[in-house]
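Structure first, then comments.
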Amino acid sequence: QTDASLQVTLALLDAANDRDSVVQEQVRKSILTLGKQQPNKVLSMCQDYLVKHPKVRHYFLLPRSIDDISYPKIKSVISLASDEMTRSKEVVPDWQQAASNILVAVGNKHINDIMEEILSKFQPGVLPHFFVVQTLASLSDSNVYGMVPFLNAILGTMLPMLGMAKQDNMKWVFSSALSHFSESILEYLANLDKAPDPTVRKDTFSSEIYAAYDILFCSWLQSREPKLRLTVAAAVGSMSHLMAHDKLEEQLPKLIPTIISLYKKNTEHYVISKSLCQVLDASVNMGSRVLETQIDSLLTTLHQQVDTHTAIYKKPKVPQLVRYLSVTYMICFLLPPVANTFPDRLIVFVLQKLENSNERNRMGSLAVLRHLINSSGKTESFFFFKNPWRVYPRKLVCAGVNHIVKQRIVQVISAMAHHGYLELEGGDLLVKFIIQHCALPDTYYRPGQRPTDPEEVTNEALRSMCDNTLHLFTTTVGRLTDVLWPMLLFYLTPGQYSNATTPLCKSLILLATKKRDAQEPNFYIDFNEQGGSHRDLPFAGHPGWTHPHVNGSFPFKSRGHGGPSLSLLKVLSPNIHPKAETVWAKEIPALLSCLEGTGPFSGSLAQRSFLYKFVGVTLQQCCNKELVKKQLQEILFNARHSDSTEREGVAVGIGLCARSHLEATLAKLDDFGKSDAFKKASGIFGLLKDKNDVDIEKMKSTLILCYGYVALYAPDDLILSRIDSDILRNISKHFNTKVKKTGPGEWTSRNSRHNYFTTSPFSDSPPLCLPLLKDFIKAEPPDAMRTPVRHLVMTTCTVVFFGDDWTCLSLRLPLFPQELYTDTFNALQELLRNILTRDLTPDGLQSVFKHIEAWLSSNQDHERERAVKTTAHILDFYFSNLKVKNMVTFHNLGALLGRLAPRCTDPNPLVRTAAIDCIYRLLYIQLRYEGFSLDHKDESVESLITLRERLNNPEPSVLYKTCSELIISKRLPQQQLNTLIFMLFEGLVDPQSNCSRASSVVLNTLLKNRGAGLQDLVSEMLEVLHIRLQMISEEQVKVAVAQSILILATQHLQTVINTLISYPLPFDNWSCEMWIALGADSNLASQIMEMLMEKLNIMVPYVDKKESMMRSGLSKVATSHPLAMTCALKEMMLNGQSQDAVVSLFPQLFSSLLVRLGSSVGVSLPKDINTNSIRSDRKNSPKMAVGFDVCGVAVEALRILLARAQLDDVVNRLDQEGAWDKMKDPQQHPTGVTLLSRAMARHAGPRLPAIVECLCPCLNNIYECQRVTITAFFSELLSHHVVTELMMMDVLMNNMMERISDPCCTVRMLAVRGLGNIAVGSPEKVPEGWGLLAAMSSGMEEKDDPGKHITLEAMSGLSKVLVYLDKKNKNDINFLFGLCSTLRMGLFWMENDEIRCASIMLLGNLSKFGSGEPVFKDQIHNVLVSLLLHLNDPNLQVVKACKYSMRVCAPVVGSELITTMFQNHLHEDKSLHYGEFINDLTKYIIQDFPGMLNFYHITVLQFFKSNWAEVRAGAAMFIGRCQNSSGCDVLLLSLMAFIYFVSSTSQCVSALCL
């Protein structure tokens, strides 16, 4: 396959020189496709082919894809492209441009290699190839951050070349390159935070840029070549931002006129305008005063350009987009610098031009004026519209000389309306202008005549524009409502506005409806108000209201004003007469229906049993009561009760009879119920009866049915009092489960009386038949439906409404045959319709829905389906019967949407479709309450119909996208948003995973669009989310909840932080998840971290409290808020997506957490840690704090920070050394911080300067623990050379010098240690002095140093410093000799082994300064005995130190014998026979220094009081050897020895003395 692809490539290369350009292009594409698969091989073949076939260069383009190409191949491609680009000295655009493009493409990833190649051909003193300069310019565009570091050198090389360029093409390419270089530098400087070298500044390039500018402006800009002039102008504009301010100020008086003059020399004005804009921006930014002297000529020129481009805008041959951009660019880019600096002069100038009779001038002025209005914002922000305002509308209206100018005026007026200018005095003139042009007549054309100019603005076009503008004022500019109402009524009656009646009426209808729905008092107009402005309205005194009636008489005139006029009358009826509202509300819709061709329709009544109805009606008219009773008896006893049709006819007839004879009818029915016909026969005779139990039940059904129709037809005033005592009491006797198939259903389906149950005094309590109905339902099998009992009971409840007691009829209907299902479901829907009819209000709707909503989340598919379909049905019924007369809020819209929205992604497709229908209808109900008509169609709501088709796709992604496209968030009123959101919170735990996910999608959509107005609910929402997180098992929903928290934080950051910080400590898992969620957005995470750090740095970290009444000491107790903030930072950094924020804020985070760590060591948790918590259930709960450590939290946060910043080497090193535990230990805390500092210096050096800068101010904190931590960190940094490389040495050392006088001993000790570490990290700094010796030696004399730690550090540090100290500095040497006395006088006697060792080592290190110094020689003799005796010190390290010091000090002693002896015997790693050494040494001392013996003897006597027996023994030995060798005063020495012998407690010493 590889060989085949190579053969194909070779064949394509052969075809590359085809003459057909289409073939060439296809060959290029094919080779590029192969190159992506095998880049190295294909590229090699291309290179070889080019070498062998040079003639095809003009036809073949090298592939530019460098993905997956090896580095050696990249190098060869660079070389090849460079050679091909410069092979010919002539400019060959196609081939050389292709080679240049290759270099640019490679330069995006290999800039150093490219620059190495290009700069080799860009040598000083030699004019480069055209495409070398072009390639540099292209590289500066494509790779800004890679090129800018090279530009300073490139500009330095290029400047001499500018004078060498004689040809226009070279001048052009140099100008273009300078333009690109300047733009790249500006982009680099604007994004320094992303730049590799943030130290680059503008002044780095200022001198070179000005030198280049001088050549371009003074010489090249005067060229006769237009293309060169434009390129130079573009370059000058870009370079102006980089010039020094004084230079630019000097050049502006010449530069601006020169650029302006180019408008006359060139037809292409875009480049000139851009250059001029850049120059103006640069001058304004630096506050130049030159611009003010040239403002008049500048405004004149700019206005001429706007006029010119406005004229171009009218030319039909110029594309519309080009025309628009020409004007827009001139206005938007040139005017702002002038407008922001000289607004007053600009406005005066524009208004003067507006008075000009020239159409072009007016068009340009109007364009400028519109832009200024839109950019000014509110009226208060632009002084032009302050005083005198009334003059400007007149000027504006008078400027309209033709329709084209008037169109511009309408646009200006529209802009004014949106910014509140029409509310000022004179605004009515502008509204009048709009209405006048709404009344324009149709354009008259003679027969066969057509407009000649396609760009001509006709009356129809201008009128339509004004119609739309007036509608826009009414619907979208809410602030104009009080301006337009009732002012628009003035224009209804004047004849000149008759053609504007239709748009006026429509606007007035919208205004009136809005005010009426809002119940605003100014909706009602007092036409007879004395002195009021309403007396001139067309309806004043009421005779003028006939004008809309006249319009209705001729409905199709004046653009069809009949319908709108009638609709306006209907809306204004309360203002006309109180009684007109009722009449017109009934009549006007019918008239409108006739106009629209939709008249009323009614159907025929259902047929009834004619015979029984006839008998019943006849008995109504009969006055003979006996006859009535007789006929009733015959009907009841002779009817065939087994026939349901006849049974129903009997019941209807008796019911009709009861209308006139209620008493007789009830009495006869009671007799019939007590007759023998209802009694069962007993004994054997019962077998002979013709009737059986079935016949009796049928008769009972007839009787019950009769009672029902009696209740239906009887007079209201008579039947109400008899319902309970006669009808229901008798029914209950015969109403049992055996008659359920016929009796209850046929009775209740037709004969129950709705009026009774809504008006009777018994309606507050359940009717007597309710228990029986419940029994019927319970008697049915729950898993099957074989009888219509459920349907019949539903029908009963429909007409006998029992209030809330109908809830016994649940939606848990079993599966059953379709016919029974349909009947039962229809009965249920009829029941719900009847309930709604009683209370057709939002409350009534909610009372029904609350019994259905529980089934929406059922686990059974068919139950959810029925619940949603039932909801859809009642919403349709509600919408169809809704009549909005008074302003009522649809307060439960949010609750309904919150329940239904998740069902749009239900697993059952029928549920999904029905849910969309429900939402569709709910939104239209909301529109009705907003004042829209029943037939109003909203595009956004109608879009839900198209969404239904997507619901057929069960793909979750499709369902969620569909759910997210719901326009709930757009249509829902703000006051409903709260309920919806909390309902969606409940949906997060929906049993159906798809629905819970959908709830999260809709919730996040709502929060994004509308969450900004939920400030007061943020805390409550977060608490609910916290609870829901504990119940959510779906991982995707948890992710969505995290997104919800993130959205809330972007809108209410402070509230979210305050709420989450107040959660109980330690944070539970769900609180932690909420904090982790806030780290998902790097920008937001940065803000939160900055806020937390700001508070963390200023809040009290702990308080000192008395431990107990029995103890006097104080203990450090943590404060809750800083502790919570530390926990919050820790959790946020656990989110991997917070890495960008952590990296950008790493110095601040590191310093804050390090300081927090220092103030957490040895701090305990308070007993009342959650006193300020918002969760009362976890207040004062000590169990919750088990395992919760104040310092541990800070350490863990710091560890997570280092890991998140990808400093794994630092973390691993600290893990290996156990630094984390040491940081938490109060005794080892400085050691742990030292290890941290060491790891940072070794593995994170570049980050240290910013960290040090953040930590330095904290050294002055009042808390010692914080100063200790920072000083320990700085002290260790000084032992690493990286601080010198990063230029931090001065800062760190100065801080250590200041800490020398700190009141805290530990801080002073660490500061001394840090000064000593300078010799380790930066030894080259030691010879400079800097007062190191004085600062460190002060530590040796420290009095407030109980453990002598400062002294020890001072000596250790001095030992390090002495190695690099300059021997020639006499002052330092004399100072060092003084140290010897300090060492000799006290430090050698210290019981602390480390101090003795360090002091002796320091003495040895001082020896290199004593060569040839008599003073030092004396010092050495003074301490020689001490060193000699401490050779026998019990501490091995002290012995080694003595050996070292005596060996290095030997040359200073002045005895070659002693020097040789010390050099040979005193080695640290060799053992020493002390007695023999003392014996030999005393001989040499007596021989070479006989005059020093008495001094040595006196010195030795001091050591007889030493604390160490070995030293005392050595002293005695030394005395004895000296006596034997020198023959000194034996009596004196013996007496001394005897005295010490008597007092000595050591037998060894006593023996030696004797």
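Worth pointing out:
- In the stretch 565-578 there is no residue that is under 14 Å from Thr502 (Cα atoms), open to solvent by 40 Å² or more (accessible area, probe 1.4 Å), outside any helix (DSSP H, G or I) and modelled with pLDDT of 55 or more.
- Residues of the stretch 1218-1240 satisfying the condition of being touching a helix residue (DSSP H, G or I) at 6+ places or on another chain (Cβ under 7 Å), in a helix (DSSP H, G or I) and within 22 Å of Phe1188 (Cβ to Cβ): Ala1219, Trp1220, Lys1222, Met1223, Lys1224, His1229, Gly1232
- Scan of the stretch 1301-1318 for residues that are within 17 Å of Ile1262 (Cβ to Cβ), open to solvent by less than 10 Å² (accessible area, probe 1.4 Å) and in a helix (DSSP H, G or I), ordered by number: Val1307
- Of the helices (runs of 4 or more DSSP H) lying entirely inside the stretch 704-753, those carrying at least 1 residues that are at pLDDT 65 or above and touching an Asp or Glu at 6+ places or on another chain (Cβ under 7 Å) are 729-734.
- The residues on offer are Met1293, Met1355, and the sole one that is under 27 Å from Pro1147 (Cβ atoms) and either modelled with pLDDT under 90 or open to solvent by 60 Å² or more (accessible area, probe 1.4 Å) (or both) is Met1293.
- Selection status of Glu930, surrounded by fewer than 14 Cβ atoms within 10 Å (Cβ to Cβ), out of contact with any strand residue (DSSP E or B) (no Cβ under 7 Å at 6 or more places or on another chain) and at pLDDT 70 or above: no
- Of all positions in the stretch 949-958, none carries a residue that is among the polar types (S, T, N, Q), at pLDDT 75 or above and either over 33 Å from the mean Cα position of the chain (by Cα) or under 21 Å from Glu986 (Cα atoms) (or both).
- Close pairs (7 angstrom Cβ cut-off, 6 or more residues apart or separate chains): on the phi > 0 side of the Ramachandran plot in the stretch 402-422, open to solvent by 10 Å² or more (accessible area, probe 1.4 Å) and not in a helix (DSSP H, G or I) anywhere: Gly420/Lys378
- The listed residue being touching a residue at least 24 places away in the same chain (Cβ under 8 Å) and crowded, with 22+ Cβ neighbours inside 10 Å, out of Leu882, Leu836, Leu875, Leu910: Leu875
- Near pairs, Cβ below 8 angstrom, 6+ apart or cross-chain, from the stretch 499-516 (in contact (Cβ under 8 Å) with a residue 60 or more places away in the chain) to any residue that is open to solvent by less than 10 Å² (accessible area, probe 1.4 Å) and among the small types (Gly, Ala, Ser): Thr501/Ser565; Cys505/Ser565
- Scoring Val1283 on the criteria (1) open to solvent by 60 Å² or more (accessible area, probe 1.4 Å); (2) modelled with pLDDT under 90; (3) over 21 Å from Leu1096 (Cβ atoms) leaves a single failure, condition (1).
- Filter result for the condition that a residue is in contact with a helix residue (DSSP H, G or I) (Cβ under 6 Å, 6 or more places away or on another chain) and either open to solvent by less than 50 Å² (accessible area, probe 1.4 Å) or modelled with pLDDT under 80 (or both), over Ser593, Ser609, Ser644: Ser609
- Residue within the stretch 1407-1420 that is open to solvent by less than 10 Å² (accessible area, probe 1.4 Å), in a helix (DSSP H, G or I) and modelled with pLDDT of 75 or more present: no
- When residues in the stretch 230-253 are screened for being without any contact (Cβ under 8 Å) to a residue 12 or more places away in the chain and either among the aromatic types (Phe, Trp, Tyr) or in contact with a His (Cβ under 9 Å, 6 or more places away or on another chain) (or both), 0 of them pass.
- Checking Val1211, Val1268 one by one, the residue that is farther than 25 Å from Cys1305 by Cα and either hydrophobic (A, V, I, L, M, F, W, C) or under 31 Å from the mean Cα position of the chain (by Cα) (or both) is Val1211 and no other.
- Of all residues in the stretch 1022-1041, those that are closer than 13 Å to Ser993 by Cβ and outside any loop (DSSP other than H, G, I, E, B) have Cβ atoms under 8 Å from Cβ atoms of residues that are modelled with pLDDT under 85 and of a type in the set (D, E, K, R), 6 or more apart or on another chain, in Gln1036/Arg997; Val1037/Arg997; Ala1040/Arg997.
- Restricted to the stretch 993-1016, and to residues there that are surrounded by 18 or more Cβ atoms within 10 Å (Cβ to Cβ) and more than 20 Å from Val1037 (Cβ to Cβ), the residue that is modelled with the lowest pLDDT is Arg1010.
- Unmet criterion (only one of (1) open to solvent by 20 Å² or more (accessible area, probe 1.4 Å); (2) in a helix (DSSP H, G or I); (3) not aliphatic (A, V, I, L, M)) for Ser1115: (2)
- For the stretch 83-94, the set of residues classified as touching a residue at least 24 places away in the same chain (Cβ under 8 Å) and either farther than 13 Å from Gln134 by Cβ or touching a Cys at 6+ places or on another chain (Cβ under 7 Å) (or both) consists of Glu84, Lys89, Asp94, listed by residue number.
- When the test is whether a residue is in a helix (DSSP H, G or I), touching a helix residue (DSSP H, G or I) at 6+ places or on another chain (Cβ under 7 Å), in contact (Cβ under 8 Å) with a residue 24 or more places away in the chain and surrounded by fewer than 16 Cβ atoms within 10 Å (Cβ to Cβ), Lys227 passes it.
- Only a single criterion out of (1) closer than 30 Å to Pro1246 by Cα; (2) modelled with pLDDT of 90 or more is not satisfied by His180, namely (1).
- Looking only at residues in the stretch 408-433 that are among the charged types (D, E, K, R) and within 42 Å of the chain's Cα centre (by Cα), the one that is least open to solvent (accessible area, probe 1.4 Å) is Arg408.
- Those residues of the stretch 248-294 which are among the basic types (Lys, Arg) and surrounded by fewer than 16 Cβ atoms within 10 Å (Cβ to Cβ), in sequence order: Lys254, Lys264, Lys265, Arg289
- Considering each residue of the stretch 484-495 in turn, at least one proves to be modelled with pLDDT of 80 or more and either open to solvent by 50 Å² or more (accessible area, probe 1.4 Å) or of a type in the set (Val, Ile, Thr) (or both).
- Helices (runs of 4 or more DSSP H) wholly inside the stretch 817-893 containing at least 2 residues that are under 28 Å from Arg516 (Cα atoms): 818-838, 842-849, 861-881
- Hits in the stretch 1464-1483 (condition: over 20 Å from Arg1512 (Cβ atoms), open to solvent by 70 Å² or more (accessible area, probe 1.4 Å) and assigned to a helix (DSSP H, G or I)): Asn1464, His1465, Lys1483
The values are calculated or read from the model by the stated rules, or taken from the named source; none is laboratory data. What you see is a predicted model, and the numbers here were worked out from it, not measured in a lab. Using ideal geometry, Cβ is built from the backbone for each residue, glycine included, and neighbour counts are taken over all protein chains shown. These area figures cover heavy atoms from the full protein model, side chains too; ligands, DNA and RNA do not enter into them. Shrake-Rupley method; radii C 1.70, N 1.55, O 1.52, S 1.80 Å.
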